[in-house]
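Engineer: Take a look at the following structure, please.
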Amino acid sequence: MGRAEARRAQQQRGARKAPSGRAGKSTGKTGKKRSGIRRFLNWKTILGTFLGGALLLIIGAVALYFSVDPPDPNKNAILQSNTYKYADGSIMARTGQMNREILPIDKIPEDVRTAFIAIENKSFYKDSGVDVIGVARGVVNTALGRGKAGGSTITQQYVKNYYLTQDQSATRKLRELVISIKVDQRMKKNEILAGYLNTNFYGRNAYGIQAAAQAYYGIDAEKLNLEQAAYLAAVIQAPSQYDWAIAGPNGKRLVMIRFNAVLDNMVEMGKLDQAKRATLKFQEPIKPKPLPGMDGQKGYLVQAAKQELSRQNIKDADISAGGWTITLNIDKKKQAALEKAVDDELESKLDRKNTKDRPQDQSVQAGATSVDAKTGQIVAMYGGVGLTEKAESNALRTDYQPGSTFKPIVLASALENGAKTQDGRPITPNTLYDGTSKRPVVGSATAFAPQNQDDINYGDPMLTVQEATNSSVNSVYAQMIVDAKPEKVKETALALGMRDRDGWPGDRPAMTLGTMSANTVEMAAVYATFGNHGKKVTPTIVKKAEHVDAQFKPVNPIGAQVLTSKTADTVTKVLTGVVEDGSGKAVRSSAYEAAGKTGTTEKNVAAWFTGYTPELVTVVAMFGEDPNSHNQVTLTGTAGKGRAGGSSFPAQIWQAYTTAALKGQSTGQFDLEDAEMGTPPAPTRSPSPSASNQTVAPTPTGSAGTRPTGTPDPTGSSGKPDPTGPTKNPTPTTKNPTPPTKDPTPPTKDPTPPGPPNPLLGR
């Protein structure tokens, strides 16, 4: 075959392979035709596709960057609890939905910060918020079943906790990456780190490093050491598995691997010396405890703290937002002593279930406040049986009258303002007054003739102010407030710390018997000021209140001089006589020197004892309140006994508490150098049995109101007849004569006095 024939044969074969189209179309250099996808896989299409895709990615990323902004914070990320602490710093209670307290970065120790960086994100201070290699590594780890570790920077974790949710969708991850870049650009690294530490969940219902430190080690975050920080940094990867208290052998093994990794990484980072690293040992956390709640008296203490903060312009809404650490002045030991005293001296003697035989026991409520005499700090408070049974604190309620505990204010006002009797004699503790029961006052536009307790006539008929205070003689103090001017007495009461409320009879002599309302804190303020030589004391329960965005410091409890030291010391001197030889004898003790006053209101619906030593001022009150109607009812019959006056349960609680609270410390004596008792009265003799209708001759009380016995002399200290009493009935009647008695015993049932209106009966 020649060349021409061979060429024709080749052409024929090509024609059979490509019956249509031009020869050589869709072929390569070899002339062979390309088939399938290979016809599109050339360098031009590949390069074009890559560049086009890259351009689309860039455009998409730019669009995503500008379209995604950090949203509002996740609601749960900003929820905080409030932490209430005792004066010694130990936690008393937590309130709020989320157990978290956000701390500023300067409250988190450097070692704690570094420990978390070492295990979570060693390049934190250098990266731009997103670690691309770490993200890729996280994807691989997830694919190989190694968990998600290594996939997120601290910034990303903060963004996820603070702005987003915990779901694992691709959309959420994309948003996380973009927001992390923006957050890194807009925030300082330490701000991001603080946010991360404050939003992490650590287990044990603890959100944030402060709650974690308290839950695992019982301390605040600023007191964490490096070993403790290393454990907390390790535990966040799997809190339920790594919590040492509940972890199994494998969980303990894994958390120890992470614990050691924290410390080793710190050495690698140059943040920990190798020699020191060798000495560090794992510190086992404490066992889990339930969150401290509002049981017992805690709810009342929190209630009192909130009220005080509200008066300082920190409203309840501010507190409810959370994030506060509020330290109270409450002394844990004294608080326990007060609670025990109430339980031992009152609650243990009541039968609250026996409504048939002991109906009064169901109505008894108790309240008390104890104040450090030198600082004005409220160190103990009793609000009632508990918030679940009684929502309002009995220590703070103002719907009951303070009774005769108001009488020392009348005396203080008379002394301070230089008041005189109706015949012009200066009022002092030794000034003589007529103690006849139901004696009408002289010099008042408002008629008033109060009955003494049990309608007893005191004196001969004259007795000193000291003696009248010892026995809480209503008729004497009714005349004294007229002499001192009721409006002046009201000014003194307000200056001492009482509050002007609706219904205060500021211009009426009945005020002397405690006919206005008050609470135990106010009465503690009054008596603390007496004990503080006339410098005003405003009892405070809040020691300090701190918030990440605010600081609060209470006003100084010790204020200006509102009484002269002479007046204050004289009142204290008189009130020591009440304890030594008067209605307050129930609190006498060789363990301390005390001054105080009893108070019992009309119909015995309330009973008070307000007393103080040089160290403590304590007010104890009892109230009769119908548990159904909440109306005021009598306390008579409490614990199956008779009249429940201030010298009964309140005084017994006061004595038991004060003894326990002062146990183990050296107690002092009152410094009363400025006290001015006035001129002792001229000698007189006690009345004979035939010259009295339930007449009581006051018992000698030493230097405070001494009445020596001797020949009768109706003159006062001026040597002139004392016309303080009215011209009518100046002497007791001789009807139903009885022998004189010392310290009359109250009747077993509540007396109903005849005669003029009687705002108050009792002491």
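Engineer: Need at least 2 residues that are in contact with a Phe, Trp or Tyr (Cβ under 9 Å, 6 or more places away or on another chain) per element, so show me which strands (runs of 3 or more DSSP E) inside region 516-567 make the cut, counting only ones lying wholly within it. Give the steps one after another, and end with the answer.
Structural biologist: Values: elements: 535-537, 542-547, 550-552, 558-561.
Passing ranges, in order: 542-547, 550-552.
Engineer: Being touching a helix residue (DSSP H, G or I) at 6+ places or on another chain (Cβ under 8 Å), farther than 21 Å from V364 by Cβ and surrounded by fewer than 24 Cβ atoms within 10 Å (Cβ to Cβ) narrows it down to one residue among K597, K573, K566; which is it?
Structural biologist: Working: K597 fails: surrounded by fewer than 24 Cβ atoms within 10 Å (Cβ to Cβ); K573 fails: touching a helix residue (DSSP H, G or I) at 6+ places or on another chain (Cβ under 8 Å).
Checking each option against the conditions leaves just K566.
Engineer: Picking from A229, A206, A233, A212, which residue would you name as being assigned by TED's automatic domain parsing to the domain that holds Y125, buried (at least 19 other Cβ atoms within 10 Å of the Cβ) and touching a Leu at 6+ places or on another chain (Cβ under 6 Å)?
Structural biologist: Numbers: A229 fails: touching a Leu at 6+ places or on another chain (Cβ under 6 Å); A206 fails: touching a Leu at 6+ places or on another chain (Cβ under 6 Å); A233 fails: touching a Leu at 6+ places or on another chain (Cβ under 6 Å).
Of A229, A206, A233, A212, the one residue that is assigned by TED's automatic domain parsing to the domain that holds Y125, buried (at least 19 other Cβ atoms within 10 Å of the Cβ) and touching a Leu at 6+ places or on another chain (Cβ under 6 Å) is A212.
Engineer: If I filter region 630-640 for residues that are over 26 Å from L411 (Cα atoms), surrounded by fewer than 24 Cβ atoms within 10 Å (Cβ to Cβ), touching a Ser or Thr at 6+ places or on another chain (Cβ under 8 Å) and of a type outside the set (V, I, T), do I get at least one hit?
Structural biologist: no
Engineer: Suppose the filter is under 24 Å from R258 (Cα atoms), at pLDDT 80 or above and either of a type outside the set (S, T, N, Q) or assigned to a helix (DSSP H, G or I) (or both); does K182 pass it? First the steps, then the outcome.
Structural biologist: Numbers: under 24 Å from R258 (Cα atoms): no; at pLDDT 80 or above: yes; either of a type outside the set (S, T, N, Q) or assigned to a helix (DSSP H, G or I) (or both): yes.
Here the answer is no, as K182 does not meet what is asked.
Engineer: Still on this structure, please answer the following. Quick check on my filter: what residues within region 640-656 are over 14 Å from G403 (Cα atoms) and modelled with pLDDT of 95 or more?
Structural biologist: Step one: list which residues in region 640-656 are over 14 Å from G403 (Cα atoms), which gives 640-643, 648-649, 651-656.
S648, F649, A651, Q652, I653, W654, Q655, A656 - these are the residues of region 640-656 that are over 14 Å from G403 (Cα atoms) and modelled with pLDDT of 95 or more.
Engineer: Shifting gears a bit: Can you run down the residue pairs with Cβ atoms below 7 Å, 6 or more apart or on separate chains, where the first is in region 380-398 and in the same structural domain as G497 (by TED's automatic domain parsing) and the partner is outside any strand (DSSP E or B) and surrounded by 18 or more Cβ atoms within 10 Å (Cβ to Cβ)?
Structural biologist: none
Engineer: For region 636-666, which positions are at positive phi and touching a residue at least 12 places away in the same chain (Cβ under 8 Å)? First the steps, then the outcome.
Structural biologist: Here is the first cut: in region 636-666, the ones at positive phi are 637, 639-640, 664.
Hits for region 636-666 are G637, A639, G640.
Engineer: Something else now. Return yes or no: is V633 touching a residue at least 12 places away in the same chain (Cβ under 8 Å), within 18 Å of A336 (Cα to Cα) and of a type outside the set (S, T, Y)? Walk me through it before giving the result.
Structural biologist: Numbers: touching a residue at least 12 places away in the same chain (Cβ under 8 Å): yes; within 18 Å of A336 (Cα to Cα): no; of a type outside the set (S, T, Y): yes.
Judged against the criteria, V633 is not a match.
Engineer: Taking the conditions exactly as written (in a loop (DSSP other than H, G, I, E, B) and in contact with a Leu (Cβ under 7 Å, 6 or more places away or on another chain)), does D500 satisfy them or not? Reasoning before the result, please.
Structural biologist: On the way: in a loop (DSSP other than H, G, I, E, B): yes; in contact with a Leu (Cβ under 7 Å, 6 or more places away or on another chain): yes.
Taking the combined requirement at face value, the residue satisfies it.
Engineer: Further question: Using the structure shown, decide if R358 is over 24 Å from S565 (Cα atoms), surrounded by 24 or more Cβ atoms within 10 Å (Cβ to Cβ) and of a type in the set (K, R). Even if it seems obvious, please write down each step before you answer.
Structural biologist: Details: over 24 Å from S565 (Cα atoms): yes; surrounded by 24 or more Cβ atoms within 10 Å (Cβ to Cβ): no; of a type in the set (K, R): yes.
Criteria not met by R358.
Engineer: Let me ask something additional. Looking only at region 114-167, filter to residues that are surrounded by fewer than 15 Cβ atoms within 10 Å (Cβ to Cβ), at pLDDT 85 or above and among the hydroxyl-bearing types (S, T, Y); which one of those is nearest to V183 (Cα to Cα)?
Structural biologist: Y125
The values are calculated or read from the model by the stated rules, or taken from the named source; none is laboratory data. Being a predicted model, the structure only gives us computed values, none of them experimental. Cβ atoms come from the backbone with ideal geometry, glycine included; neighbour counts cover every protein chain shown.
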